[in-house]
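The values are calculated or read from the model by the stated rules, or taken from the named source; none is laboratory data. Fair warning: this is a prediction, and the values are worked out from it, not measured in the lab. FYI the Cβ positions are ideal-geometry reconstructions off the backbone, even for glycines, and counts take in every protein chain you see. To get the accessible areas, we keep the full protein, side chains included, count just its heavy atoms, and leave off ligands, DNA and RNA. Shrake-Rupley method; radii C 1.70, N 1.55, O 1.52, S 1.80 Å.
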Amino acid sequence: MIEAVILVGGEGTRLRPLTDTRPKPMMSLVDRPFVAHQLDQLRRFGVSDVIFSCGYLPAALEEHFGNGTSIGMRIRYVVDPSPLGTAGAVKNAEHLLEGSQVLVFNGDVLTDLDLSLVAEQHDSSGVAGTLALTPVDDPSRYGLVRLHPDRAVEEFLEKPRAEQLRPGEPFLINAGTYLLEREVLDHIPEGTPCSIERDVFPALAAAGRLAGYPSDSYWRDIGTPDSYLKAHLDVLAGRVRTESPVGESYVAEGARVAPDARVEFGSTIGPGAVVEGGAVVIGSVVGAGARIGRSAKLDGAIVGASVVVGDRATLEHGVVVGDGATIASGVTITGAIIATNADIDQSQ
Ligand code: GDD
Ligand code: MG
C-alpha cells in the first residue's frame, strides 16, 4: 500500500490576506477545503495513507481532518520546526513511511490526473522518480522540465528566466505530483532547508534517474486569487473531476440567498452567508458567515469569512477582501486587496 506526503507548509503569500487566518490548503474550494479534493483524488486511486507535511498554521488541518477515520483514511502530521523547503518537508515525514515508494503532492494543485498511469510508467522504467508534467504557455512561475524522447528528464529548471527558454519549444512544467522510490530520501539532508526542485531533481536528472509523465489532464495551481476563482468555475462546470456538486453556482447549506438576489456564473456562497435582496453575485466566492447587502454587486470578487458588504456596494475585477472586513454602503472597490478586519468607507 503506497503512502502519500502532501506538502502544506507554504505561507500562501500570493493569497494574502485570506491566508493570514488559514493555511492555503484549508481555503475552501466550492463545498470543502481545497486539500480535501486532493484526498478525494488519492482515495479514488486506493491511496488512503496520508501524511500532511505542515509548517505554516498547522493546527487548522489537524482540527479539521483529525486522524482521518471519519473519511476512511489514515492521516498523520509532521510539522517543520522552521521552514524546511519542499525536499526537507518530505524528509521530515520519512520516519512515518513504511513502503518502498512514496507519492508526493504539492498541496495547492487541483488535478484529476490518473495516478495509476504515472505508477505504470514509473514501475516499468526503473527510475528513482517520476514527475507528472503539464503543458503551459508561460513556465516562468513553475519548474520547466525538458524531456528526452524516452521521457527521461534532460533538465529541470525551477522558475526559468526568459533567456533560459528556447523559442518554439513546448513548455512542460512540473505538475507537483511525484512518485519517488524511497532511496531518493537518502539524498536529502535532515533538519536543514532543501528544495526538491532546485537541489534534488536537477541532481537526479543529471544522473539519468528521473522521468516525466506528460499529461493533458485538468491541472491548476490555486495559489493566486485569479487562479483560485477560476478553480471554482472549473469545478462547478465539471471541467475537473471532483466529488463536489456541479452546477451554475453553489450555495452552501445554511446560507441564505434572498429570492430576488442573483447568484450566477460559478459563484460560491459559503455556509451561513447571507445575500440580501437585489444583490448580484457573479463569478465570485463569498466566505462563511459573510453578509452581502441589498442591491450590492460582486463581480469576480473573493470575500473572506464574516465580511460585511454594505447595501449597494460594488466589488469587482479581482477584489480580495480579508476576513471580518466591513465595506460601507455604496462604496465601489475595483481590483484592490482589503486587509483582514479593515473598515472601508471610501471607494478605491
Ligand atoms: N512543509 C513545507 N515546508 N511545505 C512547503 C514548504 C516548506 O518549507 N515550502 C513550500 N511548501 C509547500 C507549499 O505549501 C505548496 O503546497 C508546495 O510545497 C509547493 O510550494 P509553492 O510555494 O506553492 O511552490 P510554487 O507554486 O512556486 O512552485 C511549485 O509548484 C509548481 C506547480 O504548481 C514547484 O514545485 C514548481 O516546480 C511547480 O511547477
Ligand atoms: Mg504553488
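Of the conditions (1) open to solvent by 10 Å² or more (accessible area, probe 1.4 Å); (2) in contact with an Asp or Glu (Cβ under 7 Å, 6 or more places away or on another chain), residue 143 clears all except one; give me its number.
It is condition (1) that residue 143 fails.
Could you tell me whether residue 270 is under 21 Å from residue 12 (Cβ atoms), in contact (Cβ under 8 Å) with a residue 60 or more places away in the chain and either surrounded by fewer than 22 Cβ atoms within 10 Å (Cβ to Cβ) or touching a helix residue (DSSP H, G or I) at 6+ places or on another chain (Cβ under 6 Å) (or both)?
no
Can you report the number of residues in segment 78-113 which are within 15 Å of ligand 2 (Cβ to nearest atom), in contact with a strand residue (DSSP E or B) (Cβ under 7 Å, 6 or more places away or on another chain) and open to solvent by 30 Å² or more (accessible area, probe 1.4 Å)?
2
Of the numbered conditions (1) of a type outside the set (Gly, Ala, Ser); (2) open to solvent by 40 Å² or more (accessible area, probe 1.4 Å); (3) at pLDDT 95 or above; (4) not in a strand (DSSP E or B), residue 155 satisfies every one except a single condition; which is it?
(4)
Scan the strands (runs of 3 or more DSSP E) fully inside segment 35-139 and keep the ones with 2 or more residues being more than 21 Å from residue 153 (Cβ to Cβ).
Here the list reads 49-54, 74-79.
Output the residues belonging to segment 170-188 that are within 14 Å of ligand 1 (Cβ to nearest atom) and either in a loop (DSSP other than H, G, I, E, B) or among the aliphatic types (A, V, I, L, M) (or both).
171, 172, 173, 175, 180, 188
Taking the condition surrounded by fewer than 15 Cβ atoms within 10 Å (Cβ to Cβ) and within 16 Å of ligand 2 (Cβ to nearest atom), does residue 198 pass?
Details: surrounded by fewer than 15 Cβ atoms within 10 Å (Cβ to Cβ): no; within 16 Å of ligand 2 (Cβ to nearest atom): yes.
Answer is no for this residue.
Given segment 214-313, what strands (runs of 3 or more DSSP E) lie entirely inside it while holding 2 or more residues that are of a type in the set (A, V, I, L, M, F, W, C)?
So the answer is 280-282.
Of the residues 300, 324, which single one is at positive phi and in contact with a helix residue (DSSP H, G or I) (Cβ under 8 Å, 6 or more places away or on another chain)? Please lay out each step first, then the result.
Numbers: 324 fails: in contact with a helix residue (DSSP H, G or I) (Cβ under 8 Å, 6 or more places away or on another chain).
None of the other options fit; the residue is 300.
Restricting the search to segment 34-67, which residues are open to solvent by 20 Å² or more (accessible area, probe 1.4 Å) and either of a type in the set (Phe, Trp, Tyr) or over 23 Å from residue 85 (Cα atoms) (or both)?
Answer for segment 34-67, where residues must be open to solvent by 20 Å² or more (accessible area, probe 1.4 Å) and either of a type in the set (Phe, Trp, Tyr) or over 23 Å from residue 85 (Cα atoms) (or both): 43, 44, 45, 46, 48, 56, 63, 64, 66, 67.
Can you tell me which residue within segment 114-133, out of those that are buried (at least 21 other Cβ atoms within 10 Å of the Cβ) and either of a type in the set (Asp, Glu) or within 16 Å of ligand 2 (Cβ to nearest atom) (or both), is nearest to residue 214 (Cα to Cα)?
The selected residue is 133.
Would you please list the contacts, defined by Cβ atoms under 6 Å and residues six or more apart or on different chains, that run from a residue in segment 10-27 that is within 15 Å of residue 109 (Cα to Cα) and open to solvent by less than 50 Å² (accessible area, probe 1.4 Å) to a residue that is of a type outside the set (Lys, Arg) and more than 12 Å from ligand 1 (Cβ to nearest atom)?
Hits for this filter: 23/60; 26/33; 26/60.
Between 240, 281, which is open to solvent by less than 10 Å² (accessible area, probe 1.4 Å), touching a Leu at 6+ places or on another chain (Cβ under 7 Å) and over 22 Å from residue 313 (Cβ atoms)?
It is 240.
Are any residues in segment 1-28 among the charged types (D, E, K, R) and near ligand 1 (Cβ under 10 Å from one of its atoms), and if so, which ones? It would help to see each step written out before you state the result.
The initial filter retains those residues of segment 1-28 that are among the charged types (D, E, K, R), namely 3, 11, 14, 16, 20, 22, 24.
Of everything in segment 1-28, those that are among the charged types (D, E, K, R) and near ligand 1 (Cβ under 10 Å from one of its atoms) turn out to be 11, 14, 24.
Determine, yes or no, whether residue 323 is in a loop (DSSP other than H, G, I, E, B), of a type in the set (D, E, K, R) and out of contact with any Lys or Arg (no Cβ under 7 Å at 6 or more places or on another chain). Show your work before the answer.
Values: in a loop (DSSP other than H, G, I, E, B): yes; of a type in the set (D, E, K, R): yes; out of contact with any Lys or Arg (no Cβ under 7 Å at 6 or more places or on another chain): yes.
Yes, satisfied.
Tell me which residues, restricted to segment 301-326, are within 18 Å of residue 251 (Cβ to Cβ), within 26 Å of the chain's Cα centre (by Cα) and open to solvent by less than 40 Å² (accessible area, probe 1.4 Å).
301, 302, 303, 304, 305, 307
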